[in-house]
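Structure first, then comments.
Read-outs: derived from the displayed coordinates by stated rules, not from any lab. The shown structure was predicted, so the numbers you read here are calculated from the model rather than taken from an experiment. Positions of Cβ are backbone-derived with ideal geometry, glycine not excepted, and every protein chain shown enters the neighbour counts.
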Amino acid sequence: MTVILAAIADDYTGASDLANTWRKCGLRTVQTIGVPVDSRLFETIDALVVSLKIRSVPAVDAVASALAAEELLRRIGARHVMYKICSTFDSTDAGNIGPVTDAFMERAGQDWTVVTPAFPETGRTVYKGHLFVNDVPLNESALRHHPLNPMHDANLTRVLARQSKHAVHSLDCQTVALGLESCRAKIAAMPGRRKSIIADAIWDSDLDVLGQLASGGAVSTGASGLGYGLARAALAARPARGSMANLAAVGGRSAVIAGSCSARTLEQIDAAERHMPVLRLDPQRIVSGGGGAVEEALEFARRQLAAGPVLIASSGSPDAVAALQRQHGKHEAGQTIENALAEIAIGLVDAGVRRLVVAGGETSGAVVDKLAIGSFEVGDELAPGVPMLRTIGYPGGELMMALKSGNFGDVNFFAEALARLD
Ligand code: ADP
């Protein structure tokens with residue numbers, strides 16, 4: 001039996017978010033890092049999310065990696081492959097949502113594809129092609145300050161058109177409310193040989209219609225909301241395998257690493273100071289290559305870890321981030337800090353940490369890659385969009401982790417998550 005659902009995610013926290021949604025729908029789900037090599041993994045699961053780190057790489061590299069993963073998923077029998085993007089449509093005019101969506105559509109020989117980041121339950125709605133984050137348009141949300149892909153336009157048809165070589169249209173919520181056949185008729189009348197359809201969703205029930213609409217084709221692009229709709233459509237056609245055990249405890253020491261500079265993560269770091277020792281790294285020192293910062297952070301951790309968890313953060317305010325980027329360049333600054341945090345993660349695991357929370361999508365990617373983790377079994381939800389993850393076959397003993405997208409979790413997320421990772 002092949003997997004019921006399959007996806008390729010453009011970053012690791014986004015992959016966890018979708019895996020969490022599918023697990024909550026009753027699907028036994030595995031999140032792999034990169035393209036999985038051991039196909040035995042697929043024999044006992046319902047759903048597979050392949051995590052790539054392609055949100056901020058050159059479009060040509062993103063397309064090549066996504067197509068390679070897609071090929072593997074087809075080989076193991078996946079009928080529909082969803083390209084999982086961020087629910088805040090994180091991207092730049094150069095991509096990579098448009099180029100990957102175009103490439104998937106072309107390879108599938110599909111004339112149109114559904115594209116939607118909407119997930120009303122989590123405050124992401126799309127109305128007339130415009131994305132709202134909770135109560136404000138995307139460009140007025142905290143995403144306008146994102147260190148790598150600041151979002152300055154809420155009109156997604158316009159945003160996607162700048163990235164795509166094919167036509168981009170909007171499927172309005174009135175048509176979605178009328179149901180599947182109305183959507184199909186409306187799309188059939190839209191001009192363009194191939195087209196991406198930015199689909200509105202105001203209510204979670206809209207996702208059922210969009211899930212059915214998307215599952216009629218071989219590919220789609222969306223966030224966890226579309227994943228939810230696809231799962232509902234798939235489960236109506238075929239039941240899941242059934243029982244799912246809780247993840248077995250791993251024990252060991254615990255820690256948090258934060259590289260996200262999102263508003264919510266900054267609040268969470270402040271709140272964590274009431275519960276654990278917090279080390280705020282000097283980003284300027286790291287990026288200037290002064291040396292010693294990683295080793296000092298690990299000395300700090302080793303002194304504290306026997307008594308309880310520690311938190312190590314590089315995160316800075318929007319002004320501080322902007323100043324650092326002006327001096328050193330956006331990607332240079334980001335990558336140097338990610339590398340330092342990943343080195344710290346290695347040192348923490350060497351010091352006996354087995355339970356680890358990481359804040360930030362790119363940061364999680366860097367940490368998980370450096371730890372050379374191959375795949376995770378997905379467990380219960382810690383906060384909306386953030387599941388427990390247990391490594392599968394990690395050398396030296398399994399790790400229990402949570403990969404938190406910058407804006408996810410409530411203010412006490414770090415202490416609460418660590419209390420539940422056993
Ligand atoms: P989010 O999930 O909030 O988008 P990410 O980890 O994806 O978080 O992105 C944050 C980026 O900012 C990473 O590339 C990280 O290395 C970088 N970064 C972390 N701290 C700082 C800082 N103080 N100044 C500039 N960039 C930073």
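Measure nothing fancy, just the Cα-based angle from helix 330-350's long axis to the longest principal axis of the chain, in degrees from 0 to 90, nearest 10.
60 degrees
Where does the chain land at 222 nm, in deg cm²/dmol rounded to the nearest 500, when only DSSP H runs of n ≥ 4 count, each adding -39500 (n - 2.57), divided by all residues?
-12000 deg cm²/dmol
Starting from the Cα of LYS370, draw a straight line to each of the aspartates and glutamates and keep only those under 17 Å, dropping any in the same chain fewer than 8 residues away.
Filter leaves ASP11, GLU295, GLU338, GLU343, ASP350, GLU362, GLU398.
Please compute the length gained on full extension between GLU381 and GLU106, using 0.36 nm multiplied by the number of residues separating them and subtracting their Cα-Cα distance.
That works out to 95.4 nm of additional length.
Using the Karplus equation 6.51 cos²θ - 1.76 cosθ + 1.60 (θ = phi - 60°), what ³J(HN,Hα) coupling, rounded to whole Hz, does each residue of region 67-81 give in order, writing x for Gly and Pro?
For region 67-81, the Karplus curve yields 5, 5, 5, 4, 4, 4, 5, 5, 4, 8, x, 5, 8, 10, 10 Hz.
Could you state the principal axis extents of the C-alpha atoms in the chain, from the largest down, to the nearest angstrom?
Each principal axis gives a Cα extent; for the chain these are 65, 48, 35 Å.
Taking a label point 7 Å from the Cα of GLU332 along the Cα→Cβ vector, which residues of region 44-61 have an amide N closer than 16 Å to it?
Once the point is set 7 Å along Cα→Cβ of GLU332, nothing inside region 44-61 turns out to lie under 16 Å by backbone N.
Over region 5-237, what portion of Cα pair distances is larger than 34 Å, expressed as a whole percent?
Considering region 5-237, 6 percent of its Cα-Cα pairs are separated by more than 34 Å.
Pick from VAL159, VAL50, VAL386: which is most flexible by mean-square fluctuation in a GNM of the chain where alpha carbon atoms under 10 Å apart are linked?
Maximum fluctuation in the GNM of the chain, among the listed residues, is at VAL159.
At q = 0.11, 0.13, 0.18 Å⁻¹, what log₁₀ I(q)/I(0) does a Debye calculation on the Cα points of region 253-421 give, no solvent, two decimals?
Each listed q corresponds, in turn, to -0.40, -0.56, -1.12.
In terms of Cα to Cα distance under 27 Å, which lysines are near enough to LYS186, apart from those fewer than 8 places away along the same chain?
LYS84, LYS128, LYS165, LYS195
Around LEU213, under 11 Å between beta carbons, what's the net of Lys plus Arg minus Asp minus Glu among the other residues?
Charge balance near LEU213 sits at -1.
Based on the Cβ-Cβ distance from ASP204 to GLU273, what FRET efficiency comes out when R0 is 30 Å, to the nearest 0.05?
0.25
So what are the ³J(HN,Hα) numbers for region 7-12, from phi and the Karplus equation (6.51, -1.76, 1.60; θ = phi - 60°), rounded to whole Hz, Gly and Pro as x?
8, 10, 9, 7, 8, 7
Would you report the distance distribution of C-alpha pairs in region 278-344 as whole percents per 10 angstrom bin, up to the bin with the largest distance?
Computed distribution, short to long bins: 20, 52, 23, 6.
Report the residue, chosen from GLY252, GLY227, GLY34, that carries the largest GNM mean-square fluctuation when the chain is represented by alpha-carbon nodes joined by springs under 10 Å.
GLY252
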